[in-house]
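K.L.:
Here's a structure for you.
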Amino acid sequence: MSYSQRLRSRAVLGAGAGLLVALAVGSAARADAPDADTATAARVMAALRADAHLNARHIEVSAKGGVVRLRGFVESEHDLQLARKDAQAVSGVSSVRDELELKGQERNAPGS
């Protein structure tokens, strides 16, 4: 095999290995996404519970790709606003889907 053929062969092998590494890294990033979502939801729940002016006992939090969903019920319109504000302030949150209800009544959430 000539020198130029060996160089081309190495280039092809190197490119193939680079592609495999890129695919592996991409797969790892997707596999880590549920962990990142769980961590985001936990940070949001901690922020809600840390707010002394908000009773977050009946709020459920989930996250997917930076979008946080708040479900459950709160006691007042003021609590609705606090929950949204607290959730939006958490690192990693790109938007908040508010599906909260006022205790004893249903409402149409903004952006639903």
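The values are calculated or read from the model by the stated rules, or taken from the named source; none is laboratory data. Owing to the predicted nature of the structure, the values given are computational and were not obtained by experimental measurement. Here the Cβ is made from the backbone with ideal geometry for all residues, glycine too, and neighbour counts use every protein chain on show.
K.L.:
Find all pairs meeting these conditions: Cβ atoms under 8 angstrom apart; at least six residues apart or on different chains; first residue within the range 83-101 and more than 19 Å from Ala36 (Cβ to Cβ); second residue in a strand (DSSP E or B) and basic (Lys, Arg).
P.N.:
Glu99/Arg69; Glu99/Arg71; Leu100/Arg71
K.L.:
Now for a different question. Would you check which residues across the range 61-84 are closer than 13 Å to Glu101 by Cα, hydrophobic (A, V, I, L, M, F, W, C) and not in a strand (DSSP E or B) and list them?
P.N.:
Those that are closer than 13 Å to Glu101 by Cα, hydrophobic (A, V, I, L, M, F, W, C) and not in a strand (DSSP E or B): Leu80, Ala83.
K.L.:
Among (1) under 17 Å from the mean Cα position of the chain (by Cα); (2) at pLDDT 95 or above; (3) of a type outside the set (Phe, Trp, Tyr), where does Gly72 come up short?
P.N.:
Going through the list (1) under 17 Å from the mean Cα position of the chain (by Cα); (2) at pLDDT 95 or above; (3) of a type outside the set (Phe, Trp, Tyr), Gly72 breaks only (1).
K.L.:
I would also like to ask the following. From the residues in the range 13-60 that are of a type in the set (Gly, Ala, Ser), exposed (fewer than 11 other Cβ atoms within 10 Å of the Cβ) and at pLDDT 80 or above, which one is farthest from Leu102 (Cα to Cα)? Quick ask: steps written out before the conclusion?
P.N.:
In the first step, residues of the range 13-60 are kept if they are of a type in the set (Gly, Ala, Ser); the result is 14-18, 22, 24, 26-29, 31, 33, 36, 39, 41-42, 46-47, 50, 52, 56.
Next, only the ones that are exposed (fewer than 11 other Cβ atoms within 10 Å of the Cβ) stay: 14-18, 22, 24, 26-29, 31, 50, 52.
Pick out the ones that are also at pLDDT 80 or above and you get 50, 52.
On the way: Ala50: 20, Ala52: 19 Å.
So, considering only residues that are of a type in the set (Gly, Ala, Ser), exposed (fewer than 11 other Cβ atoms within 10 Å of the Cβ) and at pLDDT 80 or above, the one farthest from Leu102 (Cα to Cα) is Ala50.
K.L.:
Out of (1) within 24 Å of Pro34 (Cβ to Cβ); (2) surrounded by 14 or more Cβ atoms within 10 Å (Cβ to Cβ), what's the single condition that is false for Leu80?
P.N.:
Leu80 satisfies every listed condition except (1).
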